[in-house]
Amino acid sequence: MRKEDTVKLISAEGFEFVVDKEAAMVSQTIHNMLTSPGSFAERQHGEVTFPEISTTILEKICQYFYWHLQFASGKETEFPIEPELTLELMMAANYLHT
Amino acid sequence: MGGACSRKPERDYEDSPCRGLSRRFCKSGSLKWWTSSFAYPSVDFHLRKGDCPSLLELCIKKINEDIDRYNTFSMLPRDISQQIFNKLVCSQRLTSVSLEAFRDCALQDLDLGEYAGVNDSWMDVISSQGSSLLSVDLSGSEVTDFGLSYLKYCENLLSLNLNYCDQISDHGLECISGLSNLTSLSLRRNDSISAQGMSILSGLVNLVKLDLERCPGIHGGLVHIQGLTKLQSLNIKWCNCITDSDMKPLSELVCLESLEISCSKVTNFGISFLKGLQKLSLLNLEGCLVTAACLDSLADLPLLSNLNLNRCNITDDGCEKFSRLENLKVLNLGFNDITDACLAHLKAVLTKLESLNLDSCRIGDEGLINLAGHRQLKCLVLSDTEVGDTGLHHLSGLSGLEKINLSFTVVSDSGLRKLCGLTSLKSLNLDAHQITDAGLAALTSLTGLTDLDLFGARITDYGTNYLRKFKNLRSLEICGGGLTDAGVKNIRALSCLMCLNLSQNCNLTDKSLESISGLTRLISLNVSNSRITNSGLQHLRTLKNLRSLTLESCKVTAYDIKKLRSTHLPNLVSFRPE
């Protein structure tokens, strides 16, 4: 995996998730950060920090990114969501336009 | 529905259901009405392959499934809790208990129209939305005057719908008299509201739309709304207490664009008060006691474009006055005692007309000469007239025609050839006994058809071969009795079908259901009076969008339909036998 094809997503607690750019860009918000012209720090360093999103939630979101790619390629499985995560996950999904 | 009577009245556009998950539509009982109109309800189809649900949608779905786990959503941003609320309403999972989780959520729209179980106990949570609340629909609920008092503090409310709320009276109206930001208020079918009760409406100075349809006690009360000069739309249809004296206060409503006073006691004299309404564009006088003499007053309305004179006392006498209504686009003259002579007088009006209804008038072939060449005409209703094949000849050049109703006319198979060039046609009603397979064969060039009504026509299996040309059909009725399972096989290819009526074809068996099991867009299906049995129901499992299923006089029980609904057809809201 080449470094420029990945992006580092950092949770509120500082936990780092390295994911494919393609996957991360499922989020419209991240997509905009990484592609918009101008010198967004995110674009230059290939990492985005989310001070509002906890590690557990960010992990779930990364799982969703890959699930979305699978779904788009025709593999339609169920995406599991633990009931106790739903509310927090929703707020993050809303922020990330996911 | 039962019997084999197929005569369908044309419907107003506004009466056709237009909401996503229209519960109203199931209450109306009959789906035949809306199949005959242009508009279709937008149905939220199940996600098609390839449409990936967003994470937000997945979360909302999850919450919807186990709503009982949640005590409050007040920490969520408003737009998210609004989406959760809408989803619960849509799937009918919201109860007075789960509603509690939405306390203080600053929701803006509470669309609970026709929702089961809504009563005063819901009002506390509803009012807790406070100044955020913009629109509330409580139509068909058991909410009383007391419940309504909770809305007092929702001072930013713009729209309030209290249609069919039997327990709301004058006292309830007093409670909302301070909601002066209201722009839309609807109180349809309320027996309790009196002329005196209407006095509180005078304070609702921002009202743009007021709906008092079927309120029988409001005679004398319209004087209280004469100061509502922002009013653009007033509906007092079927208030049979309304008389000429009630028209006088309306003369002050200078912004009025739409006025509906059908089925009242208003006469030509009452209409004379409307002369000054310079912005009026829609006037519905259906069933009023008016004659062509009222056209003198209407000629002073420069913007009048939509006029409904259905079931009035219009005769040929005075019809020349129609020529002064220069801006008419939609004219309904159905069920009046007018003849071809009247159509000749309409000549000047006809050049702009887009829709003309002559249902059950004494119109014949001669009269249709006056319609020839009017390419702007989109909709023409000639049902129950004396029009025959010669008349169709005059229509053959109406290239803009999108909808034509020829039911119960004397047109025959050979006359239908004249229609084959009308390629803009979307809706065609040929509900007439003398029409057969040969007539259908002449129409195969009309590939844009979306609605085809052959209810009483004598179509056989052979004729269904021609149906395959109509790939865009969304609604189809063939109920003449001549179809067997072999014919239904040809319907299988019509994958856009949403409404299918094959009732009265008594030879159809379970095999027919098997043939149509791939028509997954079907919302309504009727195969009454056939040899369908309980074991045939299994073929319907794939029809996930089905909302109405009618299998009267078949070997099918309500029990088995209910079983099918609970396991495979979650959207089924109306079924027979029940």
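The values are calculated or read from the model by the stated rules, or taken from the named source; none is laboratory data. No experiment lies behind these values; they were computed from the predicted model shown. FYI the Cβ positions are ideal-geometry reconstructions off the backbone, even for glycines, and counts take in every protein chain you see. Remember, those area values only see protein heavy atoms, side chains included, never the ligands or the DNA or RNA. Shrake-Rupley method; radii C 1.70, N 1.55, O 1.52, S 1.80 Å.
Each label was represented as a point 7 Å from its Cα along the Cα-to-Cβ direction; for B:Ser121 and B:Val97 these points are 1.0 nm apart.
Positive end of the dipole of the range A:3-96 (Cβ unit charges, origin at the Cα centre): among A:Thr56, A:Leu9, A:Gln44, the Cα lying farthest that way belongs to A:Gln44. With a 10 Å cut-off around each Cβ of B:72-78, the average count of Cβ atoms from other chains is 2. Structural descriptor for chain B: relative contact order 5 percent, calculated from alpha carbon pairs under 8 angstrom and at least 6 residues apart.
The mean number of partner chain beta-carbon atoms within 10 angstrom of a residue's beta-carbon across peptide A:77-86 is 4.
Work out how much length B:Lys347 to B:Met75 would gain on full extension: take 0.36 nm times their residue separation and subtract the Cα-Cα distance, in nm to one decimal. Numbers along the way, then the final one.
Values: separation 272, 0.36 × 272 = 97.92 nm, distance 6.51 nm.
Here the segment from B:Lys347 to B:Met75 would lengthen by 91.4 nm.
In a fully extended conformation the segment linking B:Val410 and B:Asp68 would gain 117.0 nm over its present Cα-Cα distance, using 0.36 nm per residue. Scanning chain B for trypsin sites (Lys or Arg not before Pro) lying in DSSP loops with no more than 11 further Cβ atoms inside 10 Å, the longest uninterrupted stretch between such sites is B:50-374. The label-point distance for A:Asp5 and B:Asp300, in a model that sets each label 7 Å from Cα toward Cβ, rounds to 8.0 nm.
Per-residue ellipticity at 222 nm from helix content only, as computed over chain B with -39500 (n - 2.57) for each DSSP H run of at least four residues, stands at -4000 deg cm²/dmol.
The listed residues A:Met25, B:Met123 rank as A:Met25, B:Met123 when sorted by accessible area, largest first, using a 1.4 Å probe.
Take the alpha carbon gyration tensor of chain A, find the square roots of its eigenvalues, order them as a ≥ b ≥ c, and report rounded if a/c is under 1.5; if not, report prolate when a/b exceeds b/c, else oblate. Before the final figure, lay out each step's value.
On the way: a/c = 1.80, a/b = 1.26, b/c = 1.42.
Verdict is oblate for chain A.
Explain nothing, just the number: dipole magnitude of the range B:147-305 about its Cα centre with +1 on each Lys and Arg Cβ and -1 on each Asp and Glu Cβ, in debye rounded to the nearest 20.
Numbers: 11 positive and 15 negative charges, 27 e Å.
Rounded to the nearest 20 debye, it is 120 debye.
Given R₀ = 22 Å, what would the calculated FRET efficiency be for B:Lys321 paired with B:Ser251, taking r from the Cβ atoms and rounding to 0.05? About 0.55, to the nearest 0.05. Spin-label model, A:Ser73/B:Tyr559: points 7 Å from Cα along the beta carbon direction are separated by 5.1 nm. With a ≥ b ≥ c the root eigenvalues of the C-alpha gyration tensor of chain B, is it rounded (a/c under 1.5), prolate (a/b larger than b/c) or oblate? Note, shape of chain B comes out oblate.
Would you work out if the protein assembly as shown is rounded, prolate or oblate? Take a ≥ b ≥ c from the square roots of the eigenvalues of the alpha-carbon gyration tensor; rounded if a/c is under 1.5, else prolate when a/b is larger than b/c, oblate otherwise. Note, shape of the protein assembly as shown comes out oblate.
Are there any helices in chain B, counted as whole DSSP H runs, that stretch 20 Å or more along their axis by Cα and score at least 1.0 on average by Kyte-Doolittle, and if so which? For chain B, where a helix must reach 20 Å along its axis and average at least 1.0, there are no hits. The residue list B:Cys479, B:Leu500, B:Thr464 was ranked by how far each Cα lies along the charge dipole of the range B:459-577 toward its positive end, using unit charges on Cβ atoms, and B:Leu500 comes out on top.
Find the accessible area per residue for chain B; the probe is 1.4 Å, ligands and nucleic acids are left out, and the unit is Å².
Numbers: 22550 Å² over 578 residues.
On a per-residue basis, 39 Å².
How big is the dipole moment of the range B:459-577 about its Cα centre under a simple scheme where the beta carbon of each Lys and Arg is +1, that of each Asp and Glu is -1, and everything else is neutral? Debye, nearest 20, please.
400 debye
Please compute the length gained on full extension between B:Asp337 and B:Ser517, using 0.36 nm multiplied by the number of residues separating them and subtracting their Cα-Cα distance. Walk me through the numbers on the way to the answer.
Details: separation 180, 0.36 × 180 = 64.80 nm, distance 4.71 nm.
Result for the pair: 60.1 nm of gain on full extension.
Of the solvent-accessible surface of chain B, computed with a 1.4 Å probe over protein heavy atoms with every protein chain present, carbon and sulfur atoms account for 50 percent.
Positive-end ranking of B:Ser141, A:Thr35, B:Leu522 along the dipole of the protein assembly as shown, with charges on Cβ about the Cα centre, is headed by B:Leu522. Semi-axis lengths, largest first, of the ellipsoid equivalent to the range B:54-107 are 15, 14, 10 Å, with √(5λ) applied to each eigenvalue of the Cα gyration tensor. Zone of B:Asn507 (label point 7 Å along Cα→Cβ, backbone N under 14 Å): which residues in the range B:465-490? Counting backbone N atoms under 14 Å from the label point, the list is B:480-489.
With the convex hull drawn over the C-alpha atoms of the range B:102-213, the volume per residue is 81 Å³.
With all protein chains present and a 1.4 Å probe, how do B:Asp300, B:Asp246 order by accessible area, largest first? Walk me through the numbers before you get to the answer.
Working: B:Asp300 65, B:Asp246 5 Å².
Descending order: B:Asp300, B:Asp246.
Could you give the size of the charge dipole of the protein assembly as shown about its Cα centre, using +1 on the Cβ of each K and R and -1 on the Cβ of each D and E, expressed in debye and rounded to the nearest 20? Don't skip to the end; give the middle numbers.
On the way: 66 positive and 78 negative charges, 359 e Å.
Dipole magnitude for the protein assembly as shown comes out near 1720 debye.
Show me you know the interface measure: the accessible area buried between A and B, both chains summed, probe 1.4 Å, in Å² to the nearest 100. Walk me through the intermediate numbers first.
Values: alone 6360 and 23430 Å², together 27970 Å².
For A against B, buried area totals roughly 1800 Å².
Each 10 Å bin from zero up to the one holding the largest Cα-Cα distance in the range B:346-421 carries the following percent of pairs: 20, 62, 18, 0.
Between the DSSP loop rule and a limit of at most 14 other Cβ atoms within 10 Å, which GluC sites (Glu not before Pro) in the range A:1-77 are left? Don't skip to the end; give the middle numbers.
Working: sites: A:Glu4, A:Glu13, A:Glu16, A:Glu22, A:Glu42, A:Glu47, A:Glu52, A:Glu59, A:Glu76; in loops: A:Glu13, A:Glu52, A:Glu76.
Passing sites in the range A:1-77 are A:Glu13, A:Glu52, A:Glu76.
Distance between Cα centroids, the range B:176-234 to the range B:554-574: provide it in whole Å. After rounding, the separation between the Cα centres reads 43 Å.
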